[in-house]
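*Asks:* Mind looking over this structure? Questions follow.
The values are calculated or read from the model by the stated rules, or taken from the named source; none is laboratory data. Keep in mind that this is a model prediction, so the values were computed, not measured. Heads up, the Cβs are rebuilt from the backbone with ideal geometry, glycines too, and the neighbour counts pull from every protein chain shown. The protein model used for the area step is the full one, side chains on, heavy atoms only, and it has no ligands, DNA or RNA in it. Shrake-Rupley method; radii C 1.70, N 1.55, O 1.52, S 1.80 Å.
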Amino acid sequence: QVQLVESGGGLVQAGGSLRLSCAASRSISSINVMGWYRQAPGKQREFVAHITSWGSTDYVDSVKGRFTISRDNAKNTVYLQMNSLKPEDTAVYYCSAGGVYTIDSWGQGTQVTVSS
């Protein structure tokens, strides 16, 4: 099982940007799917974006055109570039690793707060 550590969260004004990083404890080149999820207070954890080992990406509709996921296999790191942030993007963001149909590992989460 791979250990995941997120960083890059913080407080930002609406319209601003943040880049989240997810550092893995070992090579991610063989991990099929690396993803980002988020959980807002009182809500269930929801899918945000994922990227496959073959480079395919997918996003939840609410972030399309604003967020970009990428992976650097040489650095064992996955990124989430978040632009044009909105107050409704406020949540704890979690990194995930796994297969096409399973999630095998979660990070501890990083808080993102967007003020209006």
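*Asks:* Residue under question is residue 15, and the condition is that it be open to solvent by 40 Å² or more (accessible area, probe 1.4 Å), touching a Leu at 6+ places or on another chain (Cβ under 9 Å) and at positive phi; does it hold?
*Replies:* Considered against the rule, which asks whether it is open to solvent by 40 Å² or more (accessible area, probe 1.4 Å), touching a Leu at 6+ places or on another chain (Cβ under 9 Å) and at positive phi, residue 15 comes out as yes.
*Asks:* A follow-up question, please. Among the residues of region 73-83, is there at least one that is under 11 Å from the mean Cα position of the chain (by Cα), surrounded by fewer than 22 Cβ atoms within 10 Å (Cβ to Cβ) and touching a residue at least 60 places away in the same chain (Cβ under 8 Å)?
*Replies:* So far as region 73-83 goes, yes, one or more of its residues are under 11 Å from the mean Cα position of the chain (by Cα), surrounded by fewer than 22 Cβ atoms within 10 Å (Cβ to Cβ) and touching a residue at least 60 places away in the same chain (Cβ under 8 Å).
*Asks:* Going by what's in this entry, would residue 68 be described as open to solvent by 40 Å² or more (accessible area, probe 1.4 Å), of a type outside the set (A, V, I, L, M, F, W, C), modelled with pLDDT of 95 or more and in contact with a His (Cβ under 8 Å, 6 or more places away or on another chain)?
*Replies:* no
*Asks:* Still on this structure, please answer the following. In this structure, is residue 88 without any contact (Cβ under 8 Å) to a residue 24 or more places away in the chain, of a type outside the set (Val, Ile, Thr) and closer than 25 Å to residue 15 by Cα?
*Replies:* Answer is no for this residue.
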